[in-house]
Every structure is written in C-alpha cells, then in structure tokens.
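Below: one structure, written as structure tokens.
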Amino acid sequence: MSKEKDQASIANPGPLGLLGFGMTTVLLNLHNADIIQLSIVIVAMGFALGGAAQIIAGIMEFKKNNTFGATAFTAYGFFWWSLIVIWTNPTSAINPADDISMGFYLLLWGIFTSGMFIGTLKHNKGLQVVFLSLAILFFLLAAGDFTGSHSIKIIAGWVGIFCGSSAIYNSLGQVINNEFGRNIIPL
C-alpha cells in the first residue's frame, strides 16, 4: 500500500483532539471563573478526554505526517496529565506546587502556544482563534499565579471558557462538514 493510500485510510484525528482539548478546557475554566469547584470531575475529564484522547489524536497525526497536529495534540495531552500529577502530587517526597513554580509552568506553556499560534497562520481562522485565545489564557493564568491576583484568574477563566468553546466549535464544524461533504459550519 502506498504512503498516500495508507494516510488516506486514517480518519481525521483533529476533531477528536479539539474536542478533548475544548471540553476539558471549558470544564477547568468554569472552575477558574469561580463557577464550579475543582473536583474529581475536572481531574477525570483531564485524564480521559484532555489527556488520553488528545494523545491518541496526536499519535494518529504522526501517522498522517501532520507535524503541527502531532505536536499540538500530543503536547497538550501530556499537559493535562502533568497538571493532574501537579494537583494530586502522588509522592510526599516532592514539595507541592507553589504559585511561582506554577507561574513559570504556565508561562512556558504560553510561550509554546504562541509559537504554535504562528503555525496556525497557515490554517483556518477558527484554529487561529483557538490558539490565540489559548496563548492569552496561559499568560493570564501565569500572571495570576505570579501576582496572586484572584481577579486575573477569574478573567483567565472566562478567556478559557471562550477558548475551549471555540475548540468544541472547530471540532463539531469539522465533523459536520465532513459528514455533509460541504462547508456548513464556517471555520
């Protein structure tokens, strides 16, 4: 089987990755916006849909030779798993996260996401909105941790709800457009 035929036989993993990212991001940012508590609901969603589903989508993107999708989904899938480890700190031998270390953690993700946003300039506007709002979200969360400002974290929560919702929209748009064989949902 030729490489092109092999890649064509794999479904587009993008909608799965975007859905995993989007739904988990909305749920976590409902907490950041002070609408819900941080609970096992968010942790479970982060492990399953935010982590596992995105990692699977990322591996499928590697198979499709899509460097952007492979890097994005795999990295953000492992972001969710690392965040769960930070929250649960399964070993008492390591100090729990403090605001400064979390600020640097989120700042690094903001820098990475800014670079990925530049990559979206070759993609549709919908994906550009997801990555730009995600970069802003990471920088706001980092600023909230560095300054200890609860108000900045609440603003970040609302940006995160928008960001995650835009990823869900992109995911469903791709699925619907594919199913109907034409652009019904503008991306």
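For the chain, find the longest principal axis of its Cα atoms and tell me its angle to the long axis of helix 67-88, 0 to 90°, nearest 10.
Computed tilt is about 30 degrees.
Give me the dipole magnitude in Debye, nearest 20, for segment 32-173 about the Cα centre, with unit charges on the beta carbon: positive for Lys and Arg, negative for Asp and Glu.
On the way: 5 positive and 5 negative charges, 109 e Å.
Dipole of segment 32-173, to the nearest 20 debye: 520 debye.
Against the longest principal axis of the chain, how steep is helix 125-147, in degrees 0 to 90 to the nearest 10, with axes from Cα atoms?
10 degrees
Rg and Dmax of segment 106-187, using alpha carbons, in Å: what are they?
14.7, 49
Once all Cα-Cα distances of the chain are split into 10 Å bins that start at 0, what whole-number percent is in each one?
Computed distribution, short to long bins: 10, 35, 35, 14, 4, 1.
Among T120, L107, N178, flag the residue with its Cα farthest along the positive direction of the charge dipole of the chain, charges on Cβ as +1 for Lys/Arg and -1 for Asp/Glu.
N178
Which residue, chosen from F146, L83, T24, occupies the Cα position most advanced towards the positive end of the dipole of the chain, where the dipole is computed from +1 (Lys, Arg) and -1 (Asp, Glu) charges on Cβ about the Cα centre?
Checked the options; the winner is T24.
May I ask you to derive the relative contact order of segment 96-148, considering only C-alpha pairs under 8 Å and at least 6 residues apart, and to give it as an integer percent?
54 percent
Roughly how tilted is helix 54-63, in degrees to the nearest 10 and between 0 and 90, from the longest Cα axis of the chain?
Here the helix axis deviates by roughly 40 degrees.
In whole percent, what relative contact order does segment 68-173 give with Cα contacts below 8 Å and a gap of six or more residues?
On the way: 90 pairs, mean separation 26.2, N = 106.
So the answer I get is 25 percent.
Using Cα-Cα distances under 8 Å and only pairs 6 or more residues apart, what relative contact order does the chain have, in percent? Could the numbers behind the result be given before it?
Numbers: 260 pairs, mean separation 53.1, N = 187.
28 percent.
By count of other Cβ within 10 Å, fewest leading, how are M45, M102 ordered?
If I rank by nearby Cβ atoms, fewest first, I get M102, M45.
Once the cut-off is 13 Å, how many percent of the Cα-Cα pairs in segment 44-114 end up in the long-distance tail?
More than 13 Å apart: 68 percent of the Cα pairs in segment 44-114.
None of the figures in this text is laboratory data; all of them are computed from the coordinates on show. Bear in mind that the values here come from a model prediction, so they are computed numbers and not experimental data. A quick note on method: Cβ atoms are made from the backbone with ideal geometry, for glycine too, and the neighbour counts reach across all protein chains shown.
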